[in-house]
Amino acid sequence: MTHTQLILDQVVLIKVDATIYGARKKLNKEDLVLADGSKLPPEDLASLGSKRLLDPDRLSVFNRLKKEAERICLRVGTRFLGGFIVPVAAAAQVTAELDRIAGDFAQARAEFLDGYDAAVQDWMVKHPEFAGIIETAIDSVALVATRLTFDYLVVSVALPEQLPKQEVERLENKIGSLSEQMFHEIAVDANLLVEHSLLGKEQVTRNALRPIKRIRDKLDGLSFLDHRVAPVVATIDDLLGKIPIRGSIEGGLLQEILATAMLLADPDKTRRHGEGLLAAQALEVTTDADTDVDVDDDEAEAEPSVLPTTPPPVIVETVSDSHDFTDLFDGIFDDELDAESASDDWALEVLLDKSQTNLETGNDADRANDLENAAKPEPVTAGDDEEADDNDQDYWF
């Protein structure tokens, strides 16, 4: 199974079909009253535009509902082929919200159609000098009813069994661009958060961080689109884990939130950040694996060997007329024993502190360096206490 099909198996395509009556008609020359000698430009130079048939505010509810439906899909999905790719696991939640919007749309439609004639009359009263050109362009209620609709469709997307190679490549390119579209949408939301809620603020409430939680959930749900998403989600989780249970957010923690939001506001930097974290994790895993091998070797050397079944032969050498060399080699192996002890301490430090990713195996000098660095105290971020860590952060989002 191809990577493209693996992605398609985890998503559905939701198409939101909403049509909204525009209440506009083309403005004709006959609709204009020109002064003597006035002349209109030819049609290939300029067009007259359109005229409104009623107050546009009466149609605002339909535009609002359509945008709300799009936001619901974008909250967990991303744009694709004129619709929205949504994870299968989130499809039921999205369709439930769309059903609610469909009900609200139907109610608003019925109310609008009932008051349509009155709305047109009110508009002509408001513009009495142009009542004639409005009246000649009025649409019937039946026609308006056909131009106010809301519906949605949920479909699965799959590669056809028989498709020309060129068409398969085109579809795969479209699927490959999903992660780019996702990072772009995340950047738009993060930039709005920075501009409206974080920049220039000395303190914020927890409510200001709801966009970050939504960004985190969207990335987590679509993590199968790009391998660089998972470490970015982990970064956001670490940040949310530092948020205090009550009170305002300020100081260093607020600056960390701002820095994270500004990172998410740049798609390229977000991808590079995730890629860098993955590389660091891979190096850490490799280092830990090499360390385990070295520790086993050291422990194997430190373990006493099994005694042979028969005693070894004793070799006696006679030194004639020589000085007493009994104490000459005393302590010569003390450094080696200290080195083994240091190696054990170093291995323990590596197991306890997985952040030593720059460790190079087989280099005694580097091992001593890492041991010294591991002994240094690390700074503690304000607000990162046990009480905050033990609490579920979802309840205030």
| message | Condition first: in a helix (DSSP H, G or I) and surrounded by fewer than 18 Cβ atoms within 10 Å (Cβ to Cβ). Now tell me which residues in the stretch 125-143 satisfy that. | response | Val125, Lys126, Pro128, Glu129, Phe130, Ala131, Gly132, Glu135, Val141, Ala142, Leu143
| query | Can you tell me which of Leu192, Leu148 is surrounded by 12 or more Cβ atoms within 10 Å (Cβ to Cβ), farther than 26 Å from Ser223 by Cα and of a type in the set (A, V, I, L, M, F, W, C)? | reply | Leu148
| query | Among the numbered criteria (1) closer than 19 Å to Leu54 by Cα; (2) at pLDDT below 90; (3) not acidic (Asp, Glu), which single criterion is violated by Val120? | reply | (2)
| request: Search the stretch 173-189 for residues being of a type in the set (S, T, N, Q) and either in contact with a strand residue (DSSP E or B) (Cβ under 8 Å, 6 or more places away or on another chain) or open to solvent by 30 Å² or more (accessible area, probe 1.4 Å) (or both), and hand back the single one that is farthest from Arg228 (Cα to Cα). | output: Asn173
| query | So Lys165 fits all but one of (1) free of Cβ contacts under 8 Å to residues at least 12 places away in the same chain; (2) within 21 Å of Val88 (Cα to Cα); (3) of a type in the set (Lys, Arg); what number is the exception? | reply | (2)
| Looking only at the stretch 244-276, which residues are among the acidic types (Asp, Glu), under 14 Å from Leu199 (Cα atoms) and not in a helix (DSSP H, G or I)? | Glu250
| remark: Flagged in the stretch 112-124 as of a type outside the set (A, V, I, L, M) and open to solvent by less than 40 Å² (accessible area, probe 1.4 Å), in numbering order, are Phe112, Gly115, Tyr116, Trp123
| Enumeration of residues in the stretch 152-209 that are in a strand (DSSP E or B) and in contact with a helix residue (DSSP H, G or I) (Cβ under 7 Å, 6 or more places away or on another chain) | Tyr152, Val154, Gln203, Val204
| query | If you take the residues of the stretch 53-85 that are surrounded by 14 or more Cβ atoms within 10 Å (Cβ to Cβ) and of a type in the set (Gly, Ala, Ser), which of them is nearest to Val155 (Cα to Cα)? | reply | Gly83
| Filter result for Lys213 (on the phi < 0 side of the Ramachandran plot and either buried (at least 19 other Cβ atoms within 10 Å of the Cβ) or under 24 Å from the mean Cα position of the chain (by Cα) (or both)) | yes
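The values are calculated or read from the model by the stated rules, or taken from the named source; none is laboratory data. Because the structure is predicted, anything quoted here is derived from the model rather than measured. We place every Cβ from the backbone using ideal geometry, glycine too, and count neighbours over all the protein chains shown. Just the protein is used for accessible areas: all its heavy atoms, side chains included, with ligands, DNA and RNA removed. Shrake-Rupley method; radii C 1.70, N 1.55, O 1.52, S 1.80 Å.
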